[in-house]
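The values are calculated or read from the model by the stated rules, or taken from the named source; none is laboratory data. The shown structure was predicted, so the numbers you read here are calculated from the model rather than taken from an experiment. Neighbour counts are summed over all protein chains in view; Cβ atoms, including those assigned to glycine, are modelled from backbone coordinates with ideal geometry. We work out accessible area using only protein heavy atoms, side chains counted, and drop any ligands, DNA or RNA first. Shrake-Rupley method; radii C 1.70, N 1.55, O 1.52, S 1.80 Å.
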There are 2 protein chains.
Amino acid sequence: MAKKKADGTGDRLLDALRVPAGPVDLSAYDTRATTGFEGTKDDGKLKLEELGAEVSDWQERLFAEGRKGGTRSVLLVLQGMDTSGKGGVIRHGAGLMDPQGLRITSFKAPTATEKRRGFLWRIRQALPGPGMIGIFDRSHYEDVLIARVRNLVAPPVWNRRYDQINEFEAELAESGVTVLKCFLHISADQQKERLEARLDDPTKYWKYNPGDIDEREFWPAYAEAYQAALENCNGPAAPWYVIPSDRKWYRNWAVTTLLLETLRDLNPEWPTADFDVEGEKARLATT
Amino acid sequence: MAKKKADGTGDRLLDALRVPAGPVDLSAYDTRATTGFEGTKDDGKLKLEELGAEVSDWQERLFAEGRKGGTRSVLLVLQGMDTSGKGGVIRHGAGLMDPQGLRITSFKAPTATEKRRGFLWRIRQALPGPGMIGIFDRSHYEDVLIARVRNLVAPPVWNRRYDQINEFEAELAESGVTVLKCFLHISADQQKERLEARLDDPTKYWKYNPGDIDEREFWPAYAEAYQAALENCNGPAAPWYVIPSDRKWYRNWAVTTLLLETLRDLNPEWPTADFDVEGEKARLATT
């Protein structure tokens, strides 16, 4: 399959959206940007569908490699405030791929047992196997986000976690897991609109949680915690990408494009035959 | 959403493909049939795509119900000889749905630990949670299929398993799991063609296993074992469906249609608000 650019700009979105090393100021990132994309909302939806064939092809190659002794996998980490669209990216982006090659885990508040085992234990349990694309809807980053903002653990505990995460992610990279960390960045106003939409639509009540409003009070503290996470855990083994997410269509296209570019970089080849092709043909003919 | 018929025949495919109680003779089932469908292969592919919107809508309703205290789920069990298309059904049928609401498990030969725990242990581990659609690519039926044909256990052991399976499936039904068991029925000639196709296409070598040819020798014994399973484990709690599967497009359409009809029967409603909608709107407005 031709490795054409996903968009017409000639640049890789991985380069355009990657968070540079150094201090991070989220207010400098435009949540309505459409970096790397030229066209309308309708174009964006169409372009996303068009990525389906190529991203599925790469996914199957990676899966095949994993079946034949390969150890590589991809882990897409989705983080963002409530309503930022982690579920939407999975539905519309990951939904383009074969569900057999996906391992999706949605992390809620840890149970007492999980807490006793250390914050990375349940994360390790959910890692993708060889050839798989793992997707985390929330992740170990919650342990330096809500845990920090809502004082779920003492400051020395969450403070130590940045290093622990960096060690963990370096280990992942060494063991063949390519980590793609996406922060879905929305504005506080956009979140308000989306919560209003949930309250206006009875088919969306189930997604609404009164606690979401309480969390809004802590918006500045979350921004600070996200900045710290993006700054402290942004090594070459697992860099962060900020996805402008006020426009849902752009967000879905952008994350899927990053995943596509990541798969192209891995460039998995179809496994060669580990049997005698002509001999098997002859044997089959006699059956 | 309108509960229109998936096809124009006016009959439910669930009724048309259900295996009647009593002795089962698989040779009486035409593997090339297109029961309940009128139209060409191209029509079939198009009709399958058209099921996507409705099946996704039902899936989301079921998922929402599960999030709000509901306990119901669906379990699609896929069985069939090698190349019958269990993976194809998941890719093209289940692939129409939101991967977040799917739990897919592919069962290989059991490990030593799994064997020690009894054949249903690993099956129970893989059951779908509330609101989920579970999919088994092979299942506990392997324990009365390959186990019987290849003498992996003594006859009294596999013989006892039919009752154990019936007890297990009755328990599932009582706990809210709707089980949909599909046997993807292909002819020995069709399998030969598909194995030839794998040997002719380097992008399919990874799917080929020389052992597949060895298994072909046991085709009549497998047919007998399938007949026994379909006959002995066909209670009202978990009936069997035989899917004519020589035509891939029909197979994909048929299984997806059965799943759609099953979801319609469950008829999950959007959960009502468990909070004060107007109060929350007012509270949100002040943030």
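Taking 8 Å as the Cα distance limit and 6 or more residues as the minimum spacing, I'd like the relative contact order of chain B as a percentage.
Numbers: 394 pairs, mean separation 94.2, N = 287.
Worked out over chain B, it gives 33 percent.
On a full-extension model of 0.36 nm per residue, what is the gain between A:V157 and A:K45, subtracting their alpha-carbon distance, rounded to one decimal in nm?
On the way: separation 112, 0.36 × 112 = 40.32 nm, distance 4.29 nm.
That pair, A:V157 and A:K45, stretches by 36.0 nm at full extension.
Take every DSSP beta bridge whose two residues both sit in chain B, then give the antiparallel share in percent to the nearest 5. Display every interim value, and only then the final one.
Numbers: 1 of 24 bridges.
Among the beta bridges of chain B, antiparallel pairing accounts for roughly 5 percent.
List, by residue number, every residue in the stretch B:199-228 with a reduction of 40 Å² or greater in accessible area between the chain on its own and the complete protein assembly, 1.4 Å probe.
Flagged in the stretch B:199-228: B:L199, B:T203, B:Y205, B:W206, B:Y208, B:P210, B:I213.
What percentage of the solvent-accessible surface of the protein assembly as shown, computed with a 1.4 Å probe over protein heavy atoms, is contributed by carbon and sulfur atoms? All intermediate terms of the calculation are to be shown ahead of the outcome.
Values: 12340 of 25140 Å².
Carbon-and-sulfur percentage of accessible area, whole number: 49.
For chain A, take the longest principal axis of its alpha carbons; what is the angle in degrees between that and the long axis of helix A:248-266, to the nearest 10 within 0 to 90?
Relative to chain A, helix A:248-266 is tipped by roughly 40 degrees.
How compact and how long is chain B, expressed as Rg and Dmax of its alpha-carbon atoms in Å?
In Å, with Rg to one decimal and Dmax whole: 20.4, 73.
Given H placed 1.01 Å from N in the peptide plane, which residues other than close sequence neighbours of B:I104 have an amide H under 5 Å from its amide H?
Close amide H contacts, sequence-distant or interchain: B:I135.
Can you list the distances in nanometres, one decimal and ascending, from the B:A173 label point to the identical position in each other copy, with the point 7 Å along Cα to Cβ?
Those separations, rounded to one decimal, come out as 5.5 nm.
For the pair B:D214/A:D11, report the inter-label distance in nm, with labels modelled 7 Å from Cα in the Cβ direction.
Spacing of the two 7 Å Cα→Cβ label points: 5.7 nm.
Antiparallel DSSP bridges in the protein assembly as shown: what percent, to the nearest 5? Show your work: numbers first, answer last.
On the way: 2 of 48 bridges.
Antiparallel bridges: around 5 percent, rounded to the nearest 5.
Hey, if you put +1 on the Cβ of every Lys and Arg and -1 on every Asp and Glu Cβ in chain A, which of A:L62, A:A273, A:A221 ends up farthest toward the positive end of that dipole?
Towards the positive end, the residue furthest out is A:A221.
At a probe of 1.4 Å, how much accessible area disappears from chains B and A on forming the pair, both sides counted, to the nearest 100 Å²?
Working: alone 14650 and 14660 Å², together 25140 Å².
In total, this chain pair buries about 4200 Å².
Go through the stretch B:211-219 residue by residue and turn each phi into a ³J(HN,Hα) via Karplus (6.51, -1.76, 1.60, θ = phi - 60°); whole Hz please, and just put x for glycine and proline.
x, 4, 5, 4, 5, 4, 4, 8, 3
Just from its helices, what would the mean residue ellipticity at 222 nm be for the protein assembly as shown, if runs of 4 or more DSSP H residues each count -39500 (n - 2.57) and the sum is divided by every residue, rounded to the nearest 500 deg cm²/dmol?
On the way: 24 runs with 268 residues, N = 574.
Calculated mean residue ellipticity at 222 nm is -14000 deg cm²/dmol.
Over the Cα atoms of the stretch A:1-119, Rg to Rh with Kirkwood Rh, two decimal places?
Working: Rg = 17.6 Å, Rh = 17.6 Å.
Rounded to two decimals, Rg/Rh equals 1.00.
What per residue convex hull volume, in Å³, comes out for the stretch A:197-239 when only alpha-carbon positions are used?
Values: hull volume 4.5 nm³, N = 43.
Taking only Cα atoms, the stretch A:197-239 has a hull volume of 105 Å³ per residue.
If you take the Cα atoms of the protein assembly as shown, find Rg, then find the Kirkwood Rh from the mean of 1/r over all pairs, what is Rg/Rh?
Working: Rg = 25.1 Å, Rh = 25.7 Å.
With Rh from the inverse mean 1/r over Cα pairs, Rg/Rh is 0.98.
List, shortest first and in nm to one decimal, how far the label point of A:L46 (7 Å from Cα along Cα→Cβ) is from its counterparts in the other copies.
2.1
Taking only the C-alpha atoms, wrap a convex hull around the stretch A:161-287 and report its volume per residue in Å³ as a whole number. Write out the running numbers ahead of the final one.
Numbers: hull volume 27.4 nm³, N = 127.
Residue-normalised Cα hull volume stands at 216 Å³.
Measure nothing but the geometry: give the 0 to 90° angle between the long axis through the Cα atoms of B:188-200 and the longest principal axis through the Cα atoms of chain B, rounded to 10°.
80
Between copies, how close do the B:L152 label points come, placed 7 Å along Cα→Cβ, listed in nm from shortest?
Values, ascending and in nm: 4.1.
Considering only chain B, pick the residue with its Cβ nearest the axis of the rotation onto chain A, and state the distance in whole Å.
Here the nearest residue and distance are B:P99, 2.
Taking 45 Å as R0, compute the FRET efficiency from the Cβ-Cβ separation of B:T113 and A:D265 and round it to 0.05.
Working: r = 37 Å, r/R0 = 0.82.
The value I calculate is 0.75.
Relative to the longest principal axis of the C-alpha atoms of chain B, give the angle of the C-alpha long axis of helix B:41-67, reported between 0 and 90° and rounded to the nearest 10°.
With both axes taken from Cα atoms, the answer is about 60 degrees.
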